[in-house]
Amino acid sequence: PVFLVMNTYRLSGHSKSDVNAYRSAEEIDAWSRLCPIAQFRSQLVSGGICSPGEIQDIEAWTAREVEKAEDRARRAEDPDPGDLMEYVYS
């Protein structure tokens, strides 16, 4: 068994209109350097597991998959309101 802790930090504001003025550039920069995704990407390249080009290919493929999933979701029929409580447990 493995337990992973991936502390993250929201680098942008809460919405498009949130200019993020309540945090300093230094704070955001410090957290940017701690990004677990960027660190993992760097480890894959430095460990010889992936080349930078392969990382770019993976990221492009992932972006396409997300776009396809979003397109399917937008084209899907609205859910039946009668299913609202399905899989809800207390």
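Where does the longest stretch of the chain lie that holds no trypsin sites (Lys or Arg not before Pro) found in a DSSP loop with 12 or fewer other Cβ atoms within 10 Å? Let's see the in-between values first.
On the way: sites that count: 10, 16.
By the stated rule (loop sites, at most 12 other Cβ atoms within 10 Å), 17-90.
What do you get for the angle between helix 36-46 and the principal long axis of the chain? Use alpha-carbon atoms, 0 to 90 degrees, nearest ten.
50 degrees
Show me the GluC sites (Glu not before Pro) within the chain that DSSP assigns to loop and that have at most 12 other Cβ atoms within 10 Å of their Cβ. Present the calculation step by step, with values, prior to reporting the outcome.
Values: sites: 26, 27, 54, 59, 65, 67, 70, 77, 86; in loops: 77, 86.
Passing sites in the chain are 77, 86.
So what are the ³J(HN,Hα) numbers for region 19-24, from phi and the Karplus equation (6.51, -1.76, 1.60; θ = phi - 60°), rounded to whole Hz, Gly and Pro as x?
7, 6, 6, 8, 10, 7
Tell me which of 34, 55, 66 sits at the most positive position along the dipole axis of region 30-74, charges placed on C-beta atoms (Lys, Arg +1; Asp, Glu -1).
Result: 34, furthest along the dipole toward the positive end.
Restricting to DSSP loop positions (anything but H, G, I, E, B) with no more than 16 other Cβ atoms inside 10 Å of their own Cβ, which chymotrypsin sites (Phe, Trp or Tyr not before Pro) remain in region 22-81? Walk me through the numbers before you get to the answer.
Values: sites: 22, 31, 40, 61; in loops: 22.
In loop regions of region 22-81 (DSSP not H, G, I, E or B), the sparsely surrounded chymotrypsin sites (Phe, Trp or Tyr not before Pro) are 22.
Across region 66-77, in residue order, what do the Karplus-derived ³J(HN,Hα) couplings come to in whole Hz, using 6.51 cos²θ - 1.76 cosθ + 1.60 with θ = phi - 60° and x for Gly and Pro?
Listing the rounded values in order: 5, 4, 5, 5, 5, 4, 4, 5, 5, 7, 5, 5 Hz.
Of the candidates 38, 30, 21, which one comes out as most mobile in a Gaussian network treatment of the chain with C-alpha springs shorter than 10 Å?
In the Gaussian network model the winner is 21.
At 7 Å along the Cα-to-beta-carbon direction for both residue 75 and residue 54, put a label point, then send me their distance in nm to one decimal.
Placing both labels 7 Å beyond Cα along the Cβ direction yields 3.3 nm.
Of all accessible surface on region 1-84 at a 1.4 Å probe, what whole percent is carbon and sulfur?
Details: 4350 of 7440 Å².
Whole-percent figure for carbon plus sulfur exposure: 58.
Roughly speaking, what is the stretch gain from residue 65 to residue 6, that is 0.36 nm per residue apart minus the C-alpha to C-alpha distance, in nm to one decimal? Write down the numbers at each step before the final one.
Numbers: separation 59, 0.36 × 59 = 21.24 nm, distance 2.33 nm.
Extra length available between residue 65 and residue 6 comes to 18.9 nm.
With θ set to phi - 60° and the Karplus curve 6.51 cos²θ - 1.76 cosθ + 1.60, what are the ³J(HN,Hα) couplings of region 82-87 in order, to the nearest whole Hz, using x for Gly and Pro?
x, 8, 3, 9, 5, 6
Accessible area per residue, 1.4 Å probe, Å², for region 1-50: what's the number? Present the calculation step by step, with values, prior to reporting the outcome.
Numbers: 4290 Å² over 50 residues.
Normalised by residue count, the accessible surface of region 1-50 is 86 Å².
The values are calculated or read from the model by the stated rules, or taken from the named source; none is laboratory data. Note that the structure is a prediction, hence the values are computed from the model and not measured. Cβ coordinates were reconstructed from backbone atoms using ideal geometry, including for glycine residues, and neighbour counts include every protein chain displayed. We work out accessible area using only protein heavy atoms, side chains counted, and drop any ligands, DNA or RNA first. Shrake-Rupley method; radii C 1.70, N 1.55, O 1.52, S 1.80 Å.
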